[in-house]
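Quick one: this structure, given as structure tokens, is what I'll be asking you about.
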Amino acid sequence: MKKQSLLLSAALMCSAGMVAQMTTLLPDGVKANLSQTKHFDEQKNLCVAGSPEKGYKAFFQATDTEHGEELWVTDGTPEGTRMVKDINPGMNTSNVQYLTRFNDKVVFSATDGEDNGQELWISDGTEDGTYMVKDIHDFGSSNPIGFRQLDENRFVFYATTFDSENYGTEPQQWLWVSDGTEEGTNLVKEVDCKYPGQEENDNRWGANARVGRKVFFKAEEADKEGVTHGVELWVTDGTTEGTFLVKDINLEVADGKPEGSTNGPALAHMKNFYNEKLFFKAWDQEHGNEPWASDGTAEGTYNIFDTNPNKDEKGIGIGGGVTCVGDLYNGEVIFRGNDGIHGCELGVSTCEPGNFRLFDINVNEPTQDNQSFPDPGVVLDNVYIFCANNGLIKGKEDNYGGELWCYDGNKVWLQYDFAPGLGCNWVKEAIVVGGSMYWWNEGSHDGTGATDTKLHRLDAPDAIPQIVSDIDANGDKVYCLRNFNGDLLFTSSVTNQIYRYHYRKDGYDPKQDEEAMAIEFRTRKEIEEQGALEAITVSDVKLALYPNPAVESFRIDIDVPVKDVRIYNMAGAQVKAVSEPENNVVNVNGLGSGVYMVTVATANATQTAKLIVR
């Protein structure tokens, strides 16, 4: 297959003196098919998966002259961009949907054109490693959706079976769990899961969220004839017993349903808060739409703050709402909120009860009617950067239209008036890759549309943004921006091409600027404990553990008395502690197979060593 030429040239010289390379990845005659939305979970997705050990690949849907839509993969080079497998042979489409990372693989929905229908598939990027996991629906398509990795070895999703399809008045999708094998793919619970189609256009994160090693999701009781509570907040750990309705948030009586039934709280904008809690928006009669948090228990699920305490003529809370949630920053979740006085402005919260602050950016009077409507932001060089509109009043001083703004935890300020005057730099799909911030602009800088939907880059909070793509004179229509281990992947609806943009800013520091690509399951406390564990000073006394690997117990071979032994898993959580072990022997009963860190404290020092348990 012929390779296409590079987009602009082999290399573009940037003002910082660094070289930027824009490379087209798809061969001639191949077109990518990607959803033009602002969601991370897309029906036609560009999904990056991998690990530091095995490297990274990007999976996507594409068509060529010989096949219908099939699964494709790229290693970031034209030579390494290819069709993975002709799942539905010939020109027939396999209808690959909802590509989702599962460690170094992807899981997705597809059909092979046989009697199986639309079912659960998995791929490692090779033809042999791409296969249907399980035919879930005996007589049709299970249409699996809502994929979300649960823990290191499993993911959950929603699927339709013959029973769920005929259970109520409408087909239902029930909760399933899988480890990527047929025998490890099983029904978790008969609960009517709601995804997709329930998420709002301004919700980047999807309609379910993993927090630690649990997944929160929106669902309704499957029993349509009994007491139900509407589409409420549920949680699962992948077991039947660990899957339940967290709390009936909205106690409003559901008309026309059995006594005791209530309406749903219009859940939206779920966001993982440091693997500790779920942040989300919910509605109840007392507060209206407001920010909520949950730790997965009824007692730990609460309205964070009544941001707008006003009530309507019926005594129902008006609510300030929650939309456009951005990246976490400095222990806070940041979103578009409304306190009933200043309009929709920048809201921040630590998720602790009663904690809420609002920053009024559009201060034109009346301030309630002049709102900045901040969009989701990202963290660049320890500054939260986002787009907001501080005013479009012609001739009014300090009205800049839509531009980038900065927040440092205490104050907000204009980043730069990039679209001069009242021109608007509407920032969409903001992402930080390789130490620089990227986005595409939904507005026109020059009033002609020539700068519309082009790729933009910002190297530092105090730098001047730059336009770095030139695909089409009428607008590049760039979208689907992804971090490819320090390089940017994106596509254009003008060309249906996949582009890789490689750039490192002047002064790039890998330790500070390189983004972590690994999936993080630890809380902030566990990360801190893991760091403390790695920082333990080793004494000159040699420490040895044997047998290693251990099956039932191990002995600490050290020539001084042992005062304390602590065992940690690789996530940094303490799993066992023993004081003054007899004969320096420690049993490993109750510990699963795996690698652990053992710290041994003597009178003068603390040492650490790895232990394998089998």
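If you place +1 on the Cβ of every Lys and Arg and -1 on the Cβ of every Asp and Glu, how big does the dipole about the Cα centre of the chain come out, in debye to the nearest 20?
Dipole about the Cα centre, nearest 20: 1320 debye.
A further question on this structure: For residue 104 and residue 544, FRET efficiency with R0 = 25 Å and r from the beta-carbon atoms, rounded to 0.05?
0.15
Related question: How big is D for the stretch 332-404, in µm² s⁻¹ as a whole number, if Stokes-Einstein is applied with the Kirkwood radius of its Cα pairs at 25 °C and 0.890 mPa s?
Once the numbers are plugged in, D ends up at 192 µm²/s.
Also, quick follow-up: Can you give the Rg and Dmax of the stretch 65-157 based on its C-alpha atoms, in angstrom?
Rg and Dmax of the stretch 65-157, Cα atoms, are 13.3, 41 Å.
No solvent, one uniform scatterer per C-alpha: report log10 I(q)/I(0) for the chain via the Debye equation at q = 0.11 1/Å, two decimals.
The calculated log intensity ratios at q = 0.11 Å⁻¹ are -1.21.
Tally Lys and Arg at +1 and Asp and Glu at -1 over the other residues with C-beta under 9 Å from the C-beta of residue 275: what net charge comes out?
Around residue 275, the surrounding residues sum to +2.
Go ahead and collect, in residue order, the members of the stretch 104-137 whose backbone nitrogen is under 13 Å from a label point 7 Å along the Cα-Cβ direction of residue 163.
Within reach of a label on residue 163: 137.
Using only the Cα atoms of the stretch 269-370, build the gyration tensor, take square roots of its eigenvalues as a ≥ b ≥ c, and label the shape rounded, prolate or oblate: rounded if a/c is under 1.5, else prolate if a/b is larger than b/c, else oblate.
Details: a/c = 2.53, a/b = 1.26, b/c = 2.00.
Oblate.
Let me ask you something else. Starting from the amide H of residue 310, placed 1.01 Å from N in the peptide plane, find each other amide H under 5 Å away whose residue is 5 or more places distant or on another chain.
For residue 310, the qualifying residues are 318, 319.
Work out, step by step, the length gained on full extension between residue 578 and residue 239: first 0.36 nm times the residue separation, then minus their alpha carbon distance; give nm to one decimal.
118.9 nm
Hey, for a label at residue 135 modelled as a point 7 Å past Cα toward Cβ, could you say which residues of the stretch 69-100 have their backbone N under 19 Å away?
87-89, 94-95
Quick query: amide H of residue 134 versus all other amide H atoms, modeled in the peptide plane; which residues come in under 5 Å with a sequence gap of 5 or more or a different chain?
The list, which skips near neighbours in sequence, is 120.
Next question. Evaluate E = 1/(1 + (r/R0)^6) for residue 614 and residue 511, where r is the Cβ-Cβ distance and R0 equals 25 Å; express this FRET efficiency to the nearest 0.05.
With a Förster radius of 25 Å, E is 0.10.
Collect residues whose amide H, placed 1.01 Å from N in the peptide plane, falls under 5 Å from the amide H of residue 81; neighbours closer than 5 in sequence don't count.
75
Turning to a different aspect of this structure: Report the rotationally averaged projected area of the stretch 136-323 based on its alpha-carbon convex hull, in square nanometres.
11.5 nm²
Could you point to the residue in 449, 186, 379 farthest towards the positive end of the chain's charge dipole, with +1 and -1 charges on the Cβ of Lys/Arg and Asp/Glu respectively?
379
With the crude spin-label approximation of a point 7 Å out along Cα→Cβ, what separation in nm comes out for residue 552 versus residue 448?
Between residue 552 and residue 448, the simple spin-label model gives 8.3 nm.
If you don't mind, another one. For residue 286, put the label point 7 Å out on the Cα→Cβ axis and report which residues of the stretch 232-276 keep their amide N under 13 Å from it.
248-252, by backbone N distance to the label point.
Related question: At 7 Å along Cα-to-Cβ for each site, give me the label-to-label distance between residue 153 and residue 473 in nm.
Between residue 153 and residue 473, the label points sit 6.0 nm apart.
If you don't mind, another one. For n ≥ 4 DSSP H runs only, could you compute -39500 (n - 2.57) per run for the chain, divide by its residues and tell me the 222 nm figure to the nearest 500? Display every interim value, and only then the final one.
Values: 3 runs with 19 residues, N = 614.
Computed mean residue ellipticity for the chain: -500 deg cm²/dmol.
Taking the Cβ of residue 454 as the center, what net charge do the other residues with Cβ under 14 Å away carry, scoring Lys and Arg +1 and Asp and Glu -1?
-4
For Cα pairs less than 8 Å apart in space and 6+ apart in sequence, what is the mean separation divided by the residue count of the chain, i.e. the relative contact order in percent? Let's see the in-between values first.
Values: 1652 pairs, mean separation 48.7, N = 614.
The value is 8 percent.
Order 502-515, 425-438, 258-271 from most to least packed using the mean count of other Cβ atoms within 10 Å. Write out the running numbers ahead of the final one.
Working: 502-515: 14.4, 425-438: 22.9, 258-271: 20.1.
In decreasing order of mean packing, 502-515, 425-438, 258-271 become 425-438, 258-271, 502-515.
Excluding residues on the same chain fewer than 8 positions from residue 224, give the aspartates and glutamates whose Cα lies under 19 Å from its Cα.
163, 165, 170, 190, 192, 232, 248, 252, 255, 259
Rule-based calculations on the coordinates, nothing more; no lab input. A quick note: this is a predicted structure, and the numbers were derived from the prediction, not measured. Here Cβ is always computed from backbone atoms with ideal geometry, including for glycine, and neighbour counts include all displayed protein chains.
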